[in-house]
Amino acid sequence: MRHLRGWALASAALVCAALPVRAETVEEAAGRHVFDHCKACHSADPGKQGFGPNLHGVVGRPAASLPTFMYSEALKASGLIWTEDNLRAWIAGNDKLVPGTRMRHVAITDRAEQDYLIAYLKTFGDSMGPEQARVLLDRAVGKVKSDGPDKAFAAFNDPKGGFVARDLYVFVFDMKGKYMASGGNPKLTGTDASKLQDAEGKAIVSEMINIANSTGKGEVDYMWLNRVDNQVEKKRSMIQRVGDYIVGVGYYFH
């Protein structure tokens, strides 16, 4: 891989000389070169279809969460979040990480090339949307049902538990409005949120409790601080009742 490392270093002068609005780093430029291995099947252009799923915004995204692509059953059942560690394992040997996947693979086992490729993919960082929120909620509901509340709530609160996907996370209330888990802020666990209001005074947890008691699942819209850009923005939470608990995932409108 000497030629690739040499190319990456040599490109530094070109990258710096170009001075775009956001200068491409040496690692990102090298990753763009590595991405040539992937172009036959994948695109990183927003919405562009290919033989494989689109990779725009893939870093941090729940696996098998694009509604426009038919994934293998193995990948849909994997429960993976595309963290950097999981992407690195997939790049090195996807059939070992997820046995039964349909993807044909050219293994990239060189650590530097993996780092370059991930750095490049991280430049495509859309916020998560309703499809990804739905996938995460379905996984969370399944986790509570299969493993029980205690183990599930511990996983939801764990940043590496597989239930935090960039700006998406799982939260849980009991039927009185007490936090049982919050992937966004685990310190909230055990606190009373029954009177929690949004930026416009809407009683959002009370509405969630009413929905859980009446239909068992639904959606709640409200205005909430997006800590990514520190702006108050419209947010929607999908919720579902599981026994004596309300499980939810929220996403911002963009």
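The values are calculated or read from the model by the stated rules, or taken from the named source; none is laboratory data. These figures come from a predicted structure and were not determined experimentally. When we count neighbours, we look across all protein chains shown, and the Cβ atoms used for this are built from the backbone with ideal geometry, even at glycine. Keep in mind that these areas ignore ligands, DNA and RNA; they rest on the heavy atoms of the full protein, side chains included. Shrake-Rupley method; radii C 1.70, N 1.55, O 1.52, S 1.80 Å.
Can you give the angle from 0 to 90° between the axis of helix 84-97 and the longest principal axis of the chain, with both taken from C-alpha atoms, to the nearest 10?
80 degrees
Excluding same-chain residues fewer than 8 positions from residue 122, which lysines have a Cα within less than 18 Å of its Cα?
Cα-Cα hits under 18 Å: 39, 48.
Taking the chain as the reference, fit the longest principal axis to its C-alpha atoms, fit the long axis of helix 2-18 to the helix C-alpha atoms, and give the angle between the two in degrees, 0 to 90, nearest 10.
Rounded to the nearest ten degrees, it is 80.
Pulled fully out, how much extra length does the chain show between residue 150 and residue 69, if you take 0.36 nm times their separation in residues and subtract their Cα-Cα distance?
Details: separation 81, 0.36 × 81 = 29.16 nm, distance 3.39 nm.
Using 0.36 nm per residue and subtracting the Cα-Cα distance, I get 25.8 nm.
Excluding residues on the same chain fewer than 8 positions from residue 195, give the aspartates and glutamates whose Cα lies under 12 Å from its Cα.
Answer for residue 195, where 12 Å is the Cα cut-off: 207, listed by chain and number.
Pairing the Cα long axis of helix 204-214 with the longest principal axis of the chain, what angle in degrees results, from 0 to 90 and rounded to the nearest 10?
The two axes meet at around 70 degrees.
Could you tally the net charge around residue 202, taking each other residue with its Cβ under 13 Å from the Cβ of residue 202, Lys/Arg +1 and Asp/Glu -1?
Its environment carries a net charge of 0.
Might you tell me the accessible area per residue for the chain, computed with a 1.4 Å probe and given in Å²?
Result: 53 Å² per residue.
Quick query: amide H of residue 226 versus all other amide H atoms, modeled in the peptide plane; which residues come in under 5 Å with a sequence gap of 5 or more or a different chain?
Close amide H contacts, sequence-distant or interchain: 231, 232, 233.
Only loop residues by DSSP count here, and only those with at most 16 other Cβ atoms within 10 Å; note down the trypsin sites (Lys or Arg not before Pro) in the range 78-168 that meet that. Display every interim value, and only then the final one.
Values: sites: 88, 96, 102, 104, 111, 122, 134, 139, 143, 145, 151, 160, 166; in loops: 102, 104, 122, 160, 166.
Passing both the DSSP loop test and the Cβ count: 102, 104, 160.
Report the local net charge at residue 234: Lys and Arg +1, Asp and Glu -1, summed over other residues whose C-beta lies under 14 Å from its C-beta. The partial results should precede the final answer.
Numbers: positive: 202, 235, 236; negative: 167, 198, 200, 219, 221, 229, 233.
Its environment carries a net charge of -4.
Past 18 Å, Cα to Cα: identify those pairs from 176/217; 160/235; 176/234; 202/234, in the order given. Show your work: numbers first, answer last.
Values: 176/217 16 Å; 160/235 24 Å; 176/234 25 Å; 202/234 12 Å.
From the list (176/217; 160/235; 176/234; 202/234), the Cα-Cα distance tops 18 Å for 160/235; 176/234.
Accessible area of the chain with a 1.4 Å probe: how many percent of it is carbon plus sulfur? Write down the numbers at each step before the final one.
Values: 7320 of 13560 Å².
Reported share for carbon and sulfur atoms: 54 percent.
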